[in-house]
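Here is the structure we will look at, set down as structure tokens.
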Amino acid sequence: MGKNTDLIGAWAEATASAHFMKKGWDVFVALNPGSPIDLVIVKDGVTRYLDVKYRRSRRPSGRKLTEEQVALGVELVHVKDTGDVIETGRKLA
């Protein structure tokens, strides 16, 4: 990844983290940049594994989860350039 791409990804993950914390979730961030999971969130005994993707507001995202992410039950979350967080709930490759 390039430097700018890394910064955008970090911004998207921080934005998603703040979104879920405001909703009462405990948020845990992956330290390994190669991890198939970006965020783990926990609330009321429910644990969710999230992959956070940045997307421009006017462009639909064609991003898909990998087979490994599907096997782990990872959900795809989009963060738009406006700062809006979209919980897609998608768990399919």
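The values are calculated or read from the model by the stated rules, or taken from the named source; none is laboratory data. What you are looking at is a predicted structure, and each value in this text was computed from that prediction instead of being measured. With ideal geometry, Cβ positions are generated from the backbone for all residues, glycine too; neighbour counts draw on all protein chains shown. Heads up: the accessible areas ignore ligands, DNA and RNA and are worked out on the full protein's heavy atoms, side chains in. Shrake-Rupley method; radii C 1.70, N 1.55, O 1.52, S 1.80 Å.
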Considering residues of the range 35-58 that are closer than 16 Å to Ile8 by Cα and more than 10 Å from the chain's Cα centre (by Cα) only, the residue modelled with the highest pLDDT: Arg55
Number of positions in the range 31-56 that are open to solvent by 40 Å² or more (accessible area, probe 1.4 Å) and among the small types (Gly, Ala, Ser): 2
Cβ-Cβ under 7 Å pairs, at least 6 apart or on other chains, the range 12-28 side closer than 12 Å to Ile41 by Cα, far side of a type in the set (S, T, N, Q): Val27/Ser17
Members of the range 1-30 found to be among the aliphatic types (A, V, I, L, M), part of a helix (DSSP H, G or I) and open to solvent by less than 70 Å² (accessible area, probe 1.4 Å), listed by number: Ile8, Ala10, Ala12, Ala14, Ala16, Ala18
